[in-house]
1. So, of the residues in segment 52-84 that are hydrophobic (A, V, I, L, M, F, W, C) and touching a helix residue (DSSP H, G or I) at 6+ places or on another chain (Cβ under 6 Å), which turns out to be modelled with the lowest pLDDT?
2. Given the criteria in a helix (DSSP H, G or I) and more than 17 Å from the chain's Cα centre (by Cα), does E46 qualify?
3. List every residue pair whose Cβ atoms lie under 7 Å apart, where the two residues are 6 or more positions apart in sequence or sit on different chains, the first residue falls within segment 189-204 and is assigned to a loop (DSSP other than H, G, I, E, B), and the second residue, located anywhere, is of a type in the set (V, I, T).
4. Quick one: in segment 168-188, of everything that is aromatic (F, W, Y) and part of a helix (DSSP H, G or I), which residue is surrounded by the most Cβ atoms within 10 Å (Cβ to Cβ)?
5. Only one of these is more than 21 Å from G99 (Cα to Cα), small (G, A, S) and surrounded by 20 or more Cβ atoms within 10 Å (Cβ to Cβ): A12, A19, A39. Name it.
6. For segment 127-142, how many residues are surrounded by fewer than 20 Cβ atoms within 10 Å (Cβ to Cβ), touching a helix residue (DSSP H, G or I) at 6+ places or on another chain (Cβ under 6 Å) and either assigned to a helix (DSSP H, G or I) or without any contact (Cβ under 8 Å) to a residue 24 or more places away in the chain (or both)?
Amino acid sequence: MAETYGGYPDSAKSAARRALRHRDKNGSKCGTPVGWERANQISSGEKLSLKTIKRTFSFLSRAETYNQTKFTDKDGKEICGSVMYAAWGGTSMRSWCSGVINKAEGRAAAISGDVKKGLEKKVEEHNEKITDSKKKATYGMLSAVFRRGVGAYKTNPGSVRPSVKSPEQWAYARVNSFLYALKNGKFRSGKHDEDLFPSGHPLSSKD
């Protein structure tokens, strides 16, 4: 039987409950059955499999630009991204998922300060040129891509170009490839990290 994990933050449960109350009160048309199932799981503190935790982290990394408490705009129109970001547990759930994944896969939990600054700069530079919200980057997206790049360097060295001399160099190359695909809707070469593209993006594998 696959191992399951619980003990996520009360704030994540509260966010999911707020989204459920909003849906029940207003008849929300947002989300998918999978999203509302996740809200029910999180609101009740149900233990989750590592596969589910990874999917939750991927969703929250794509959606982290939304405000998890503001569900309507000034005209009263429902903001589905915000509703579902809360339904999946919001910011604290994303942080918790990241920690579980890092521990389960034996990776260092923290990205170095220099790398963090570098990724944040890439987010800023990318988003300055983008007006389509479906093509905007977030730090959560890029940090996930970076970690996967480091992991690929260590576990699949045959895929690494001879000119690459460190896991960080390979990880940054993966980040640059992801940003190109995020902006242009296509990869230069092999596909990767499609689960991290925002909902509605041409390359998104979101349910």
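The values are calculated or read from the model by the stated rules, or taken from the named source; none is laboratory data. It should be emphasised that the depicted structure is a prediction, and the values quoted were computed from it without experimental measurement. Using ideal geometry, Cβ is built from the backbone for each residue, glycine included, and neighbour counts are taken over all protein chains shown.
1. Restricting to residues being hydrophobic (A, V, I, L, M, F, W, C) and touching a helix residue (DSSP H, G or I) at 6+ places or on another chain (Cβ under 6 Å), the top hit is A63.
2. no
3. Note: pairs meeting the criteria are D193/V145.
4. To start, the set of residues in segment 168-188 that are aromatic (F, W, Y) comprises 170, 172, 178, 180, 187.
Imposing the further condition that a residue be part of a helix (DSSP H, G or I) reduces the set to 170, 172, 178, 180.
Numbers: W170: 22, Y172: 21, F178: 26, Y180: 15.
Per the criteria, the residue is F178.
5. Going through A12, A19, A39 in turn, the sole match is A19.
6. Summing the residues that are surrounded by fewer than 20 Cβ atoms within 10 Å (Cβ to Cβ), touching a helix residue (DSSP H, G or I) at 6+ places or on another chain (Cβ under 6 Å) and either assigned to a helix (DSSP H, G or I) or without any contact (Cβ under 8 Å) to a residue 24 or more places away in the chain (or both) in segment 127-142 gives 1.
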